[in-house]
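The structure appears right after this line, and notes come after that.
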Amino acid sequence: MKSITEMKYHFGLRIRIYPSSQQKLIIKLNSDASRFIYNQMVAIDKELYQLNQIKLPLDTIEARKQTLKLRKNARQLSNHYVFLNDKRIDSLTKSNAIRNYQSAWKMYNKVHQSGTPNFHKKSYAWKYQTSCQYPGKKQALFTNGTVRFLDSRHISVPKLGKLRISGSHKRLKALFSHESDLRIGTVTISKDNCDKFYLSMQLASDEPFVTVPAKTNKKVGIDLNTDNFLTDSEGNVITNPRYYRTIKGKLAKAQRKLSRRALRAKKEHRSLHESKNYQKQRLVVAKLQRKVSYQRQNFLHVISTALIKNHDLVVAEELRSKNMLKNHALAMSISDVGWRTFLQMMEYKASLYGRTFITVDPKNTTQICSDCGFIMGKDGSSKLTLADRKWTCPNCGKRHIRDWNAAKNILAKGLVKIA
């Protein structure tokens, strides 16, 4: 049987689940266990680092080092902390928590900006990971692992048992029809701040998960900006919906009300978890924030899918949103537009649908004339500012719309890059 990494195609699936009260308690227990083990790994490594600073060969210190090193696995942690042996805790939850900690260090060593692993704080959101296994099976199917679909509306998960699900019914019916092996890998059970439960899973198969569309022989460059969300090299403009700005006033009012209820609970020496009025208002705020997030995600999914399906090559500018957020005048607009999420969607959808997506350096894309190649700011000309939405090239006299011209230059850079 092939491992999930050996398979050609990979896909992510997220569905809504409806656990019972007893199942919610099990999810909470596994989430707390996962967070506790992760934090223990952080604490062990921090203590080992401090002990390694002591250069004296003291027997007590060396013995403590050996004890800590031996404790860095799921079995030893369970032996040391007896509550982790609770039968309701999935054994794979423990091993996945340790694996996630190790992955965080690998990511830090690869991309230093990601930061070192830190303690996970307690929050209203819950999450833990398990894995689908196929003990004694010669073929991996959608319906014969430890995590398996009973039908298009029910799924079985270790320790939780049978769960009712909703969403992605068309996708599930297509997955049931897979004739080759279809492995389920890592499975994440989570609860968001709105008290909604979800199940996310990693799928792998040797058959494609989507129908690859026919070649269109079309190429397009896209310029992203805050005025209009997107302008392409064909002159098409997609307006910026500004979802956060439309709800900002209502959200601010709800957050002020939440703050007042928190202050009142504190004044009366009541825990926020026990304050019913605070919890009701917390859900109001969380639902408003979720609404904005879902609206933005839906918008970005529609635009990215349309661009990828209708073009063989899509070229975008390589934006570094983290650096741009330092401009406080534009920080809210940049966060609201979701550029980084959009580019990530374009990247994985290009791979999914057999298209090509690349990013190019945006340097001078707004300053270059797409007709003659003249660069504004040279030969005595002044550079274009953000206020210059239309301009005329002093060299060839061509009249340009700023964003359309930039999209043409981005496409030209992309064609040079892949040549």
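Fully extended, how many nm does the chain gain between N364 and N277 (0.36 nm per residue separation, minus their Cα-Cα distance)? Could the numbers behind the result be given before it?
Working: separation 87, 0.36 × 87 = 31.32 nm, distance 5.41 nm.
Between N364 and N277, full extension yields an extra 25.9 nm.
Of the DSSP beta bridges with both residues in the chain, give the percent that are antiparallel, rounding to the nearest 5.
For the chain, the DSSP antiparallel bridge percentage is about 85.
Go ahead and estimate [θ] at 222 nm for the chain from helices alone: -39,500 (n - 2.57) per DSSP H run with n ≥ 4, summed, over the residue count, rounded to 500.
Helix-only estimate at 222 nm: -14500 deg cm²/dmol.
How much of the calculated P(r) for region 103-176 lies past 17 Å, in percent of all Cα pairs?
64
Among the listed pairs K196/K291; K65/K106; K2/K24; K72/K106; K219/K363, give every one whose C-alpha distance is greater than 24 Å.
K2/K24
Looking at region 307-419 from every direction and averaging, what is the projected area of its Cα convex hull in nm²?
8.3
Need one value: the accessible area of S333 in square angstrom, 1.4 angstrom probe, rounded to the nearest 10.
Here the residue's solvent-accessible area equals roughly 20 Å².
What is the Cα convex hull volume of region 172-231 when expressed per residue in Å³?
196
Given an 8 Å cut-off on Cα distances and at least 6 residues of separation, report the relative contact order of the chain as a percent.
16
Express the C-alpha Rg of the chain as a ratio against the empirical globular expectation 2.2 N^0.38 Å, rounded to two decimals. Can you show the working numbers first?
On the way: Rg = 26.4 Å, N = 419, 2.2 N^0.38 = 21.8 Å.
Ratio of Cα Rg to 2.2 N^0.38 Å: 1.21.
Could you give the radius of gyration (one decimal) and Dmax (whole number) of the Cα atoms in region 1-126, in Å?
Using the Cα atoms of region 1-126, the pair Rg, Dmax is 18.0, 57 Å.
Let's test the formula: R0 of 30 Å, r as the Cβ-Cβ distance of R14 and V416. What FRET efficiency results, to the nearest 0.05?
Numbers: r = 38 Å, r/R0 = 1.27.
Using R0 = 30 Å, I get an efficiency of 0.20.
Length gain on complete extension for the stretch K122 to Y353, per 0.36 nm per residue less the alpha carbon to alpha carbon distance?
Numbers: separation 231, 0.36 × 231 = 83.16 nm, distance 3.93 nm.
Extra length from K122 to Y353 when fully extended: 79.2 nm.
Starting at the first residue of region 10-24, write each ³J(HN,Hα) from the Karplus equation 6.51 cos²θ - 1.76 cosθ + 1.60 with θ = phi - 60°, in whole Hz, x for Gly and Pro.
10, 8, x, 10, 10, 9, 7, 10, 10, x, 6, 4, 5, 5, 5
Mean projection of the alpha-carbon convex hull of region 199-325 over all orientations, in nm²?
Its average projected convex-hull area is 12.4 nm².
Using a cut-off of under 17 Å, list every residue of region 17-49 whose amide N is near the label point 7 Å from the Cα of K69 along the Cα-to-beta-carbon line.
Hits in region 17-49 for K69 at 17 Å: 44-49.
Using a 1.4 Å probe, how large is the accessible area of Y198, given in Å² and rounded to the nearest 10?
That residue has around 20 Å² of solvent-accessible surface.
May I have the extent of the alpha carbons of region 58-183 along their three principal axes, as whole Å values ordered from largest to smallest?
Per principal axis, max minus min of the Cα coordinates gives 64, 37, 35 Å.
Distance between Cα centroids, region 273-314 to region 6-51: provide it in whole Å.
23
So what is the orientation-averaged projected area of region 266-309, using the convex hull of its C-alpha atoms, in nm²?
Result: a mean projected hull area of 3.8 nm².
The values are calculated or read from the model by the stated rules, or taken from the named source; none is laboratory data. Since the model is a prediction, treat every value here as computed from it, not as a measurement. So basically every Cβ, Gly included, is an ideal-geometry build from the backbone, and we count neighbours across all protein chains shown. These accessible areas exclude ligands, DNA and RNA; they are computed on the full protein's heavy atoms, side chains included. Shrake-Rupley method; radii C 1.70, N 1.55, O 1.52, S 1.80 Å.
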